[in-house]
Each structure stands twice: as C-alpha cells, then as structure tokens.
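The values are calculated or read from the model by the stated rules, or taken from the named source; none is laboratory data. Keep in mind that this is a model prediction, so the values were computed, not measured. Methodologically, a virtual Cβ is constructed for each residue, glycine included, from the backbone with ideal geometry; neighbour enumeration extends over all protein chains shown.
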Amino acid sequence: MRAVLPLMYLAAGWALARLGLDWRRAMSRALSQAVIPLVIVFHVARADAALVGLMLCALVWMLALFAMGHRLSRDPVDSLCFCYLNIGWFGLPVATSALGPEAVSLFTTFYVASSILGNALGPAWLLHHAPGTSGAGRPARANSLSGWLRHAWRTPALRALAVGLCLLPVGPWLGVHAAWLDEGARILLGMLGMMVLGAWLAHAPLGVAELRRAFKSFVLRAGLSLLVLALLWAVTSRIGRSPLQGQVAAMVLLSLLPPAANIVVLETEALRSGHSAARIASASVWSLGAIALYVAWLHVVA
C-alpha cells in the first residue's frame, strides 16, 4: 500500500487542479519553508561522519550532470533542468514509500546539496545568460561570489543544515523523544510533494514534440547519472567504505528523477518567463512511467 501512496497523492493534486482549486503556491511554501527544512534538521542532527562523504558525492554528481547539460544545450534553462532534479518533492516521497531508511538518508543528503547549488547558483546562472545582462548592474552583482553566498544563506535548506549541525550533540535525544515529529514531517513531505507535482502536470501543456525532446534528455541524464554514481562508488570503495555502499536501488531511483519543479520559480524570477514548466511536465511523464515500472519490479523481486 505504501508504494501506491505517491501515485494516489499525485492523482489527488491533479484532480484538485483540474477542478480549479490551485493550491500550488501554498503547498510549495509549506514544503520549502517548513516541512523539508524540518526533515533536513532531523537528518543532519542524527548523522554520522559518513554524511560529509555522501555530501561530496552529491556535489560531484550534480556538477557532472550540469557540465553535460551545458554541453548538450546552450539554453540555460535546459542545462539547469539537466542537473537540478526533483529530489525533495518527488524523490524523497517515493524513497520513503518504496525503499528503506538508508535510501531516505541518501536522498535527504543529495537534496541538501542540490538545493544549495540549485537555489544559490541557479538564479545567477540564468541571469548570466539573460538577454541584455552584459556589463554592470544587478546580474553582475548576482553572479559575484558574495551575491551567491547571500542567496544561498537565504535558502531554507542551508539554514536547516546549519541548525542540524548545531543540534548534533542532542541528535540521539531527538531520535528518541521527537521521532514523532520527524515521522509526521516525512508523511507531509510525501503527500504535499506529490500533490504539487500533480497540480503542475494538470496546468502545463504537453505536446508530442516536447515529449520526444524530453525523452532524449531523460535517457541521457539517467545513463550519465548512473555512470557517475557507479564511478563514485568505485572510487570511494577503493579509499575506504563507500557512503554509497548498498544503495544500488536508491542510485537507480535517483537517476530516474525529473527536473525540479522549483526551476520554474527560479526562471520566473530571473528571466520573467516560464518555459521550463512544459519541459518539467514532459520530463515528469517519462520519469513517472520509469519509476512506476522500477518500483513494481523491486516488489516483484523482493
């Protein structure tokens, strides 16, 4: 039943949007400002030394995807869609429902890394390629190191990371006496995250040409992601116990994720456009199909 819940939440979000009840902004704000930061705080507060290694793996993985995305397309929205994946609103709920606690830990760590890069560097990257942004002015300030750092600090994910690090000494106590709060946050994460995605799918127009284009990107991204993660596993295994050890199912699921829905928010603010909505929705169609088949296969072989 838990494996079916994400699809039920997705259908509920789609149905509400089709009925004219658009709660995307409210649900997104609740997720980004409260639910996801709370999950990150609990994850980091109870983390061990392996968290640092896993965080570095996540950064290398995302930068590799970004480099390939930029090589394939000079469109800044395309390159961002290629590397900034929907780990928080989509991946974590599916991992929570279909896989175990170790997979949730991996997905949470990867979410923290991707959220910092996506939310801090993403707007500066878009502004750098916006028409008429050469020379001085706001884009130049946004692309400066201090501008990136200020933007990164304003993200709830980074502040939650800082709070979690401060709570490391009382992490075991939180795990015993406040586990109900962590569990409640994870349930809300699964429900609201999939409902937001369903609402986006109901509003974004899908065409055959966009679906074909999204399929090519999906195959390339999934293949490259698996290759990079396999190399990271091999390298870290040679120098000690790999933080990716025993995470094959989670790594495959991670590679099948669609672009983050938050990209359309970044694009709207930086470029005053929303071209990524259709691209995210088209990519989500292929990801949903692939993940549904993969999760079903996992339950068959389990």
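A few notes on this one:
- Residue that is surrounded by the fewest Cβ atoms within 10 Å (Cβ to Cβ), among those in segment 73-104 that are polar (S, T, N, Q) and at pLDDT 85 or above: Ser73
- Residue in segment 40-57 that is in a helix (DSSP H, G or I), of a type in the set (D, E, K, R) and out of contact with any Pro (no Cβ under 9 Å at 6 or more places or on another chain) present: no
- Listed by first and then second residue, the pairs linking a residue in segment 93-106 that is farther than 13 Å from Val39 by Cβ and touching a residue at least 24 places away in the same chain (Cβ under 8 Å) to a residue that is in a helix (DSSP H, G or I) and among the hydroxyl-bearing types (Ser, Thr, Tyr), with Cβ atoms under 9 Å apart and 6 or more places separating them unless they lie on different chains, are Ala98/Tyr294; Ala103/Thr96.
- Counting residues in segment 50-72 that are under 28 Å from Leu5 (Cβ atoms) and small (Gly, Ala, Ser) gives one or more.
- Here Val176 clears all of (1) assigned to a helix (DSSP H, G or I); (2) touching a helix residue (DSSP H, G or I) at 6+ places or on another chain (Cβ under 9 Å); (3) not charged (D, E, K, R) except the condition numbered (2).
- Filtered by the rule that a residue be farther than 30 Å from Asp75 by Cβ and assigned to a helix (DSSP H, G or I), segment 208-243 gives Trp233, Ala234, Val235, Thr236, Ser237, Arg238.
- In segment 227-267, the residue that is modelled with the highest pLDDT out of those that are of a type in the set (Gly, Ala, Ser) and surrounded by 17 or more Cβ atoms within 10 Å (Cβ to Cβ) is Ser255.
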